[in-house]
Amino acid sequence: MNGNKSRERWLGGLAIALGLILWQGVSAYLVKDPFILPGPVDVLSAFTALFWKGTLLFDFEASMIHFAIGLGAALLVGIPVGIAMGWNRRFDAFLDPVIEILRPIPPLAWIPFAIVWFGLTSYSAGFVIFIGSVFPIMINTYSGFRGVPRVFVEAGKMLGCTKNRDLIRYIAFPAALPSVAAGIRIATGVGWMCLVAAELFGVSKFGLGQKLWFFYNLHQMDSVVVYMILLGLTGLLLDMIFRHYVEAYFLRWRTGEVA
């Protein structure tokens with residue numbers, strides 16, 4: 001098993017190395033214009049210059065604040081509403097039409113209201129991210145609770161869980177947790193993609209998305225690629241941390257680990 005994993009890592013590293021070589025070759029010998037396609041060498045040089053200027057850390061910090069506001073609000077709203085709709089059919093019938101009308105509206109369409117309601121602040125960026133994140137969490141939580149086998153609930157009642165609060169806490173939520181976790185993972189990706197658009201309208205002087213557009217206006221495409229790569233790597237890191245944390249602490253029962 002360890003040997004297979006090691007070989008898979010080497011294959012992944014080889015693919016990245018070949019991709020960089022191909023990218024450099026196309027940029028240097030076919031395109032020959034760093035404005036249209038800057039090569040890895042140009043991007044590395046731009047990264048070094050930005051790093052020594054010290055702005056990357058401030059941009060990363062600002063983006064993480066915006067993202068935390070949006071995803072945090074989505075968790076606080078999406079999970080309770082999803083639980084209520086999945087557990088109570090009347091609540092589901094009451095809210096479902098409203099949610100199904102709002103859900104297809106693209107998050108970017110809410111930018112004018114974000115500016116009107118919150119001004120050019122971190123909260124307006126967080127609101128756009130919230131809109132992109134809340135519905136995957138809500139829908140997956142709802143689906144998870146709807147899919148809880150009735151025998152689990154009946155067994156819980158037989159063992160003394162008679163109140164709805166106890167049934168949700170000890171029976172339904174653990175059974176629905178894989179679906180809830182999947183919804184949060186999807187929401188994390190969608191919210192991170194909304195980050196760039198959320199920062200484009202000038203909520204602050206810093207941010208990965210804000211600087212991406214800033215350097216585009218300066219026609220410094222090598223710096224644009226630096227911020228694109230940082231966005232991709234940060235999104236990947238967030239996903240890896242989330243998967244590790246959930247698998248290690250909440251879904252150990254799926255692998256037979258109970259301690």
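Some points to look at:
- Percentage, to the nearest whole number, of Cα pairs in the chain over 30 Å apart: 45 percent
- All Cα pairs of the stretch 169-220, percent lying beyond 17 Å: 55 percent
- Separation of alpha-carbon centers, the stretch 67-141 and the stretch 13-38, rounded to whole Å: 40 Å
- Among Trp23, Trp87, Trp110, the largest mean-square fluctuation in a Gaussian network model of the chain, built with springs joining Cα atoms closer than 10 Å, belongs to Trp23.
- Relative packing of peptides 161-168, 118-125 - highest average C-beta neighbours within 10 Å first: 118-125, 161-168
- This model, with +1 at the C-beta of Lys and Arg and -1 at the C-beta of Asp and Glu, gives the stretch 1-140 a dipole about its Cα centre of some 320 debye.
- About the centre of its Cα atoms, the chain shows a dipole size close to 800 debye [charges on the beta carbon of Lys, Arg (+1) and Asp, Glu (-1) only; nearest 20 debye].
- Compared with the dominant Cα axis of the chain, that is its longest principal axis, helix 55-87 is turned about 20°.
- Computed over Cα pairs, the Kirkwood radius of the stretch 146-190 leads via Stokes-Einstein (0.890 mPa s, 25 °C) to a diffusion coefficient of 217 µm² per second.
- The chain: relative contact order as a whole-number percent, Cα under 8 Å and 6+ apart: 24 percent
- Degrees, to the nearest 10: 89-102 long Cα axis against longest axis of the chain: 20 degrees
- Its DSSP H runs of at least 4 residues, each contributing -39,500 (n - 2.57), put the calculated 222 nm mean residue ellipticity of the chain at -26000 deg cm²/dmol, to the nearest 500.
- Calculated SAXS-style log₁₀ I(q)/I(0) at q = 0.21 Å⁻¹ - the stretch 1-124, Debye, Cα scatterers: -1.15
- Options Gly39, Ala62, Ile83, ranked by Cα towards positive dipole end of the stretch 30-96, top entry (Cβ charges): Ile83
- To the nearest ten degrees, helix 173-200 and the longest principal axis of the Cα atoms of the chain are 30 degrees apart.
Just so you know, all these numbers are worked out from the coordinates, no wet-lab data involved. For clarity, every value in this text was computed on a predicted model and none was experimentally measured. Reconstructed Cβ throughout: ideal geometry from the backbone, glycine too, with neighbour counts over all protein chains shown.
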